Amino acid sequence: MQTKAYTRAQAPQEEQASSLTRRNFLVLGLGALTTVAAIETGVAGFMFLRSRSLEGEFGGVIKAGEIEKFPPGSVTEFPEDNFFLVRAEDGGFLAVYQRCPHLGCTVNWNAEKSRFLCPCHASSFDMYGNFLNQPVPRALDYFPVSIDKNAVVRVDTSNLQRRESYSPDQLTYAS
Ligand code: FES
């Protein structure tokens, strides 16, 4: 078995070297943590500024208007923002995405037939976006709606909700 003997003069040098290594390690670790924190702060700031810059346009939160502007049983198109704001007969709101889930064509609202119609392959959807005939296998997607204390309706177009079919819990009501 081999052993290593230290002279009194050697021991402090080795301790010093070990201490330097530990110090270097701590400095490097702190540097890495600071870099990660700076990157995270930068990313969070960018996301915040991006969502602020998209406020009021597609990809952000759209102020649709006051509740009274939308009578029960109505469908209002927001063509530049790519959705229809549906107000159900019971007063609930639903923001239906304009893109057909088949191949992405823009659907139109036909008030006479009370249907969304896709011009590309003739699919149709009811007022809530439920598909009625093939080739589309599911409902039109939708965006979350919120209604603030001043009765202003907003649609969050940054948060598309995929769905198979309509259900009443997708409606938003004024509190
Ligand atoms: Fe709408 Fe094909 S894109 S039915």
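The values are calculated or read from the model by the stated rules, or taken from the named source; none is laboratory data. Since the model is a prediction, treat every value here as computed from it, not as a measurement. Quick reminder, even Gly has a Cβ in these numbers, built from the backbone with ideal geometry, and neighbours come from all protein chains shown. Just so you know, the surface numbers come from the protein's heavy atoms only, side chains and all, with ligands and any DNA or RNA stripped out. Shrake-Rupley method; radii C 1.70, N 1.55, O 1.52, S 1.80 Å.
In the full protein assembly as shown, how much of residue 147 is accessible to a 1.4 Å probe, in Å² to the nearest 10?
Residue 147 has an accessible surface of roughly 30 Å² with all protein chains in place.
Tell me, what HN-Hα J-couplings in whole Hz come from the Karplus equation 6.51 cos²θ - 1.76 cosθ + 1.60 at θ = phi - 60° for each residue of the stretch 71-88, using x for Gly and Pro?
x, x, x, 10, 10, 10, 8, 10, x, 6, 9, 6, 9, 10, 9, 9, 10, 5
In terms of modelled amide H atoms, which long-range or inter-chain residues lie less than 5 Å from the amide H of residue 115?
Placed amide hydrogens put 110 under 5 Å from residue 115.
By average Cβ neighbour count within 10 Å, what is the ranking of 138-144, 82-88, 149-155 from highest down? Please list the in-between numbers first.
Numbers: 138-144: 20.6, 82-88: 22.3, 149-155: 15.6.
The peptides rank, most packed first, as 82-88, 138-144, 149-155.
Give me the three principal axis extents of the stretch 111-153 from the C-alpha atoms, as integers in angstrom, largest value leading.
41, 23, 15
Share of the stretch 65-175's accessible area from carbon and sulfur, percent, 1.4 Å?
Within the stretch 65-175, the accessible surface is 47 percent carbon and sulfur.
Just the Cα atoms of the stretch 58-175: what Rg and Dmax do they give in Å?
So, for the stretch 58-175, Rg and Dmax equal 13.3, 42 Å respectively.
What order do 58, 70 take when sorted by accessible area (1.4 Å probe), most exposed first?
Heavy-atom accessible area, descending, gives 58, 70.
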